[in-house]
Structures are given as structure tokens and as C-alpha cells.
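J.: Attaching a single structure in C-alpha cells format; questions to follow.
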Amino acid sequence: MDSSLTILFQDHHLVAVSKPARLPVASDHSGDETLLERVRAWNAARQEEGKKGYCVPIHFLDRPVSGLVLFGLSSKGAARLNEMFRKRQLNKIYVAIVEGIPRQPRGRLEHFLAKDKNSNLTRITGAKDPEAKRSILDYEVIATHGNRSWIRVEPETGRSHQIRVQLASLGTPIVGDGKYGSSMNWEGRIALHAFCLNLKHPVGGKPLTLEAPLPAYWNEIWPEPWPLQEMRQNHG
């Protein structure tokens, strides 16, 4: 796998990078190289001799997912970013290509989800399930081609496998996501990408809009042009 690092934004307090699909953010049972290791190596190379520098991941993406990941480069920046995620004081935009076309062109999905750690599968359950976590997202179909749909997703919560399970609940699994019903094997990748993050800078409060370019290999499953402008629009 390419060991390069695509940096989207950096300053003293944070760095935003683009995660390739199939690369874990942090260590897992595979023992494979991680995005965190790459970012820490990059950060250490910038420091004075003998210093490693501060570097912690703020949020995570599933291994088959690509897109934007934030790392804190100062304790103050990391603490405030973590608080923003906890209080949902930012706007996350994902894009997905799914099999099929949802019955409703846009909607709000709310489920209670529980994850089985043994199988690494998340399921829809009831509110009384002690493992259940309330999970909410808004979606909009912004293009269709044949029997596939390009969907813009704004998750309000950040549960494990949330977008994957909730889109599959519509009968439209994400392309490549065999775990949740896709008919296509895409070599360990799924067509879900963390595209954009709108937030205020954790130190100073300046508005930031960060974007991770879509992987070129998405051309394999969707013909150009990609509906980039529709992806950015906030319909509220």
C-alpha cells in the first residue's frame, strides 16, 4: 500500500488528512500499518531533534471507508475538538454510492443500534436493548445512474457502522459493503467517503471548511461527472 500522507489542512493545533480505504486509523487485530503511525511519523519529522510532538486522533473511520480524519496536535486543540464532537457542534458530510434507489429521495433516519463485538456487526434493535444507542442521520439522493444512487449523508450521531447499517435498512446497501448486503466485492473498499467537515477552529473560533477529494477509483463504479456542488450544499 502507498505509504504517502495527503494533508488537507494543518496548523499548530490540528491536522486534517485524507485516509485511504483499507488503511486502519489505529491499530487492530491485523497488526497492519495505521494512519496514526503515518501522521505521527510526519509530525515527529517536523519537531526538534529528540521530540516526537503531540498527536492524537479525534475521530475514526471504518477500515474500508475513505476520507477526512482529524488529529489534534496540541492538548488544548485536541480537548476542544473532542468536546465539539461530543456536543455535535460541527457538520459532517459523507457521500455514498448505494445499490438501488431509495423510495424517498430524502429523509431522516432514526434507529437504535447495537454492536456485537464478537462478529463486528451492528444491528438495528429496540430502545429497551441495554446495548442500544440512538442513531440519527439525514440523507438525500443527489444523482442516480442505472441501479445505483449517489447519496449525500449528514450523520447527527457517530455510531459504529451507523451509515452503513442505516442506508442498508432502506434496501440500498453501500456498494462493496458485503457485510451489510452489497452484492459487489470491491477489494476491501466500500463506496463511503468522509467528504467534508464544517467547524469552528478549536483555538480562535475561525470557521473552517475541510474537504477530502474523492478517490479516483470511484470512476470504476460511477461515471463522471461527480455531483460535487450538490455534495457541498447544506439543505438544512
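The values are calculated or read from the model by the stated rules, or taken from the named source; none is laboratory data. Computed from a prediction, not measured in an experiment: that's the story for all the values here. All Cβ positions, even for glycine, are placed from backbone atoms using ideal geometry, and neighbour counts span all protein chains on display. Just the protein is used for accessible areas: all its heavy atoms, side chains included, with ligands, DNA and RNA removed. Shrake-Rupley method; radii C 1.70, N 1.55, O 1.52, S 1.80 Å.
J.: Among 211-218, 18-25, how do they line up from the highest to the lowest mean number of other beta-carbon atoms within 10 Å?
T.: 18-25, 211-218
J.: Next question. Between Thr125 and Glu220, take the C-beta separation as r, use R0 = 30 Å, and let me know the FRET efficiency to the nearest 0.05.
T.: Values: r = 35 Å, r/R0 = 1.16.
It comes to 0.30.
J.: Please report Rg (one decimal) and Dmax (integer) in Å for the Cα set of the chain.
T.: So, for the chain, Rg and Dmax equal 17.9, 58 Å respectively.
J.: Under a point spin-label approximation (7 Å from Cα along Cα-to-Cβ), what is the Ala132-Asp116 distance to one decimal in nm?
T.: The answer from the label model is 1.8 nm.
J.: Can you count the Lys pairs in the chain with C-alpha separation below 14 Å, eight or more apart or on different chains? Show your work: numbers first, answer last.
T.: Numbers: Lys87/Lys200; Lys92/Lys200; Lys115/Lys133; Lys115/Lys179.
Counting lysine pairs in the chain gives 4.
J.: Just to confirm, what accessible area per residue do you get for the chain at 1.4 Å probe, in whole Å²?
T.: 51
J.: To continue, here is another question. How high is the FRET efficiency from Leu8 to Ser75, r the C-beta distance, R0 22 Å, rounded to 0.05?
T.: Calculated transfer efficiency: 0.50.
J.: Which whole number in µm²/s is D for region 1-108 by Stokes-Einstein, with the Kirkwood Rh taken over Cα pairs at 10 °C and 1.306 mPa s?
T.: Answer, rounded: 102 µm²/s.
J.: Of the candidates Arg106, Arg134, Arg46, which one comes out as most mobile in a Gaussian network treatment of the chain with C-alpha springs shorter than 10 Å?
T.: Residue with maximal mean-square fluctuation among Arg106, Arg134, Arg46: Arg46.
J.: Nearest 20 debye, what's the magnitude of the dipole of the chain about its Cα centre given +1 on Lys and Arg Cβ and -1 on Asp and Glu Cβ?
T.: 800
J.: Compute a Gaussian network model of the chain, connecting alpha carbons closer than 10 Å, and tell me which residue from Pro223, Pro57, Pro173 fluctuates the most.
T.: Highest fluctuation of the listed residues: Pro223.
J.: Show that you can apply the helix-only estimate: for the chain, add -39,500 (n - 2.57) for every DSSP H stretch of four or more residues, divide by all residues, and state [θ] at 222 nm to the nearest 500. Write down the numbers at each step before the final one.
T.: Values: 4 runs with 36 residues, N = 236.
That comes out to -4500 deg cm²/dmol.
J.: Quick one: angle between helix 75-86 and the longest Cα principal axis of the chain, in degrees between 0 and 90, rounded to 10, please.
T.: 10
J.: Pick out, from Thr34, Leu113, Gly204, the residue whose Cα sits farthest towards the positive end of the charge dipole of the chain, with +1 on the Cβ of Lys and Arg and -1 on the Cβ of Asp and Glu.
T.: Highest projection toward the positive end goes to Gly204.
J.: If you don't mind, there's one more thing I want to ask. Roughly speaking, to the nearest percent, how much of the chain's 1.4 Å accessible area is carbon and sulfur?
T.: Carbon and sulfur atoms account for 48 percent of the accessible area of the chain.
J.: Mind telling me which of Val69, Val203, Val165 comes out most flexible in a GNM of the chain, alpha-carbon contacts under 10 Å?
T.: In this elastic network of the chain, the residue with the biggest mean-square fluctuation among Val69, Val203, Val165 is Val203.
J.: Output the 0 to 90 degree angle, nearest 10, between the alpha-carbon long axis of helix 35-46 and the longest principal axis computed from the alpha carbons of the chain.
T.: The angle comes out at about 30 degrees.
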